[in-house]
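J.: Pasting in a structure now, in structure tokens, and then I'll have a few things to ask.
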Amino acid sequence: DAGITQSPRYKITETGRQVTLMCHQTWSHSYMFWYRQDLGHGLRLIYYSAAADITDKGEVPDGYVVSRSKTENFPLTLESATRSQTSVYFCASKERGRTDTQYFGPGTRLTVL
Amino acid sequence: GEDVEQSLFLSVREGDSSVINCTYTDSSSTYLYWYKQEPGAGLQLLTYIFSNMDMKQDQRLTVLLNKKDKHLSLRIADTQTGDSAIYFCAASSGGYQKVTFGTGTKLQVIP
């Protein structure tokens with residue numbers, strides 16, 4: 001299907017476990033982003049990528065790792081999950097250009113017990 | 001850095017107009033956006049306005065921008081129950097395409 005997809009949609013894990021959230025887009029957009037959404041904080045940028053093999057930190061990168069070996073994929077890994085990482089995670093993509101219109105995936109709801 | 005603020009909740013009756021307000025702090029913000037998030041879904045771009053514009057109208061949506069006061073508003077005419085959602089204001093000054101989102105305003109439409 002065309003668009004931007006995330007998997008899994010729901011995940012429950014335990015403190016200390018490694019978790020990887022997947023994001024895939026079919027538009028070949030240059031930019032990809034990971035946000036977390038928490039009550040009272042809106043969306044906060046975790047990491048972003050301007051192209052394959054180019055990634056950079058956002059506002060709240062601690063405890064997260066990203067990679068982008070292919071343009072269409074941008075996985076987010078929690079190396080050792082903590083309860084404070086319980087959140088809804090959104091992936092977004094954007095084509096290079098002057099208008100910053102981002103297209104969002106449906107989100108992954110992650111619960112860390 | 002940029003800070004974007006919105007009220008958390010708005011309740012209106014079906015058929016009335018809704019006005020959602022937003023303030024931002026960075027006067028160099030070039031693009032200002034309104035996104036809509038329906039329950040269980042990601043954000044969807046509703047409309048955007050460039051900083052050199054005062055107003056933009058798109059069907060039932062009217063965006064007003066007051067650059068002097070750094071104030072953005074979204075007016076939804078003839079609000080319907082399907083408009084019930086969380087509305088996010090966002091601002092960007094370009095650069096590496098960083099967009100700062102507000103906390104979101106939950107719009108409740110009462111039938």
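The values are calculated or read from the model by the stated rules, or taken from the named source; none is laboratory data. As the structure is a prediction and not an experimental result, all values here were calculated from the model. Here the Cβ is made from the backbone with ideal geometry for all residues, glycine too, and neighbour counts use every protein chain on show.
J.: Suppose we filter A:26, A:13 for residues that are out of contact with any Leu (no Cβ under 6 Å at 6 or more places or on another chain), more than 10 Å from chain B (Cβ to nearest Cβ) and surrounded by 14 or more Cβ atoms within 10 Å (Cβ to Cβ); which single one remains?
T.: On the way: A:26 fails: surrounded by 14 or more Cβ atoms within 10 Å (Cβ to Cβ).
When all the criteria are applied, what remains is A:13.
J.: Here are some residues: B:94, B:42. Which one is within 14 Å of another protein chain (Cβ to nearest Cβ), in contact with a Ser or Thr (Cβ under 9 Å, 6 or more places away or on another chain) and at pLDDT below 95?
T.: Of the residues listed, the single one that is within 14 Å of another protein chain (Cβ to nearest Cβ), in contact with a Ser or Thr (Cβ under 9 Å, 6 or more places away or on another chain) and at pLDDT below 95 is B:94.
One line per residue, one yes/no per condition, for (1) among the acidic types (Asp, Glu); (2) assigned to a loop (DSSP other than H, G, I, E, B); (3) in contact with a Lys or Arg (Cβ under 7 Å, 6 or more places away or on another chain):
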{"position": "A:12", "(1), (2), (3)": "no, no, no"}
{"position": "A:23", "(1), (2), (3)": "no, no, no"}
{"position": "A:29", "(1), (2), (3)": "no, yes, yes"}
{"position": "A:49", "(1), (2), (3)": "no, no, yes"}
{"position": "A:59", "(1), (2), (3)": "yes, yes, yes"}
{"position": "A:91", "(1), (2), (3)": "no, no, no"}
{"position": "A:97", "(1), (2), (3)": "no, yes, no"}
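Residues checked against (1) of a type outside the set (Phe, Trp, Tyr); (2) surrounded by fewer than 21 Cβ atoms within 10 Å (Cβ to Cβ); (3) facing chain B (nearest Cβ under 9 Å); (4) in a loop (DSSP other than H, G, I, E, B):
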position: A:36; (1), (2), (3), (4): yes, no, no, no
position: A:43; (1), (2), (3), (4): yes, no, yes, no
position: A:55; (1), (2), (3), (4): yes, yes, no, no
position: A:77; (1), (2), (3), (4): yes, yes, no, no
position: A:81; (1), (2), (3), (4): yes, no, no, yes
position: A:88; (1), (2), (3), (4): yes, yes, no, no
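J.: Before we move on, is residue B:85 within 10 Å of chain A (Cβ to nearest Cβ) and either touching an Asp or Glu at 6+ places or on another chain (Cβ under 7 Å) or of a type outside the set (Ser, Thr, Tyr) (or both)?
T.: no
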